[in-house]
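Heads up: the structure comes next, in structure tokens.
Bear in mind these aren't lab numbers, they're just calculated from the coordinates by the rules spelled out. Quick caveat: nothing in here was measured; it's all calculated off a predicted structure. Here the Cβ positions follow ideal geometry from the backbone for every residue, glycine too, while neighbour counts run over all protein chains shown.
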Amino acid sequence: MRRPRDTTGLALYDATARAAAATVISRYSTSFGVASRLLGPRVRPHVHAVYALVRVADEIVDGPAHEAGMPASEQVRELDAFEARTLAAIGSGFSADLIVHAFALTARECGIGEQLIRPFFASMRTDITVAEHDAASHERYVYGSAEVVGLMCLQAFLNAGSARAVAAPPDLAEGARRLGAAFQNVNFLRDAGFDRETLGRDYLALGAHDEATPAEAGRTRAAVLESIDADLAAAAAIIPRLPADSRRAVTAAHDLFAELNARLRRTPPGSGRVRVPDPVKAALLARAAVGATPRAPHPDERSGRTA
């Protein structure tokens, strides 16, 4: 029997696509999933859509596609096809792929174009072809894999629900990029063992070369920790200028990664994956929920000492 018209058509398909994107973030990320609940309803589905697209692309080049028996050459073709579907959907307004459709809705409304999408897919393609990064390739990878994602979210914060999308002011864009870079480099540090032993990748090359002494490797790791704190501080400075319905969620995500970086400082390399205990995570989220400003590193954390 045919359904009434108000339960069919494009509106239902759009809603279904957005629900699929929300499922991806809820299944894959406890931290980001909870933080996204602090977003206002104007912005939330767009951030879900961005997260879902980048997560599915990441799964093509990481474990699941390989576990399914897909060789590297097929992963490249699948990623290329996913990128092509994404760009085509932004042009047409429709995709049979629900995650792509949800992202295309966001891209069209919020002004996310090829200048952000293509660098992201270029970085994902690098995961298939490059095993060890130097400083230059690391910088390019972080820009494409993380900084542009921060810029996509910023476009959503500024433009969701607007009749015409506008470009972000340069200082807000810089803060969004640096927050994305901080998130990515924290993940590189905490997942270094898995990346090296399971995926065969070294994003930071911390003591990977035979000529690097333990002291040199330690100084290099300390430099990464310092750069993360600097990026988090730069991002914290612009968070109060974000739209009110975005600030709490961004503060929550910022503070979770600031806490992770502080714990990485106190944890020797090779001690297992560092995480934020649930009670601490809950306290940080509650703090952000009441409108607190982003936390700053404690001086003892910056020096690597504990009280």
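Descriptive notes on the structure:
- Stretch gain in nm, segment Val290-Arg266, where the contour uses 0.36 nm per residue and the Cα spacing is subtracted: 5.8 nm
- Column: log10 I(q)/I(0), Debye, Cα scatterers of segment 1-101, q = 0.17, 0.21, 0.24 Å⁻¹: -0.87, -1.12, -1.24
- Residues in segment 222-262 reached by a label modelled at Val280 [backbone nitrogen below 14 Å; 7 Å Cα→Cβ]: 255-262
- Segment 251-288: trypsin sites (Lys or Arg not before Pro) falling in loop per DSSP and having at most 15 other Cβ within 10 Å: Arg273, Arg275
- Label sites at Val166 and Val130, each approximated as a point 7 angstrom past Cα along Cα to Cβ, lie 3.6 nm apart.
- Once C-alpha pairs closer than 8 Å and six or more residues apart are averaged by separation and normalised to the residue number of the chain, the relative contact order reads 17 percent.
- Amide H contacts under 5 Å for Glu132: Asp202, restricted to partners 5 or more places along the chain or on a different chain, H placed in the peptide plane at 1.01 Å from N.
- Local electrostatic count at Ala88 - Lys and Arg +1, Asp and Glu -1, tallied over other residues with Cβ under 13 Å: -2
- Of Arg248, Arg118, Arg164, the residue with the greatest mean-square motion in the GNM of the chain, using alpha carbon springs below 10 Å, is Arg164.
- Karplus-derived HN-Hα couplings along segment 180-191 (A = 6.51, B = -1.76, C = 1.60, θ = phi - 60°), whole Hz, x at Gly and Pro: x, 4, 4, 4, 5, 5, 4, 5, 4, 5, 6, 10
- Relative contact order of segment 237-297, defined on C-alpha pairs under 8 angstrom at six or more residues apart (%): 50 percent
- Sum of -39500 (n - 2.57) over DSSP H runs of 4+, divided by residues of the chain (222 nm, nearest 500): -22000 deg cm²/dmol
- Taken along its three principal axes, the alpha carbon spread of the chain comes to 70, 48, 36 Å, from the longest extent down to the shortest.
- C-alpha center-to-center spacing [segment 245-278, segment 32-76] in angstrom: 20 Å
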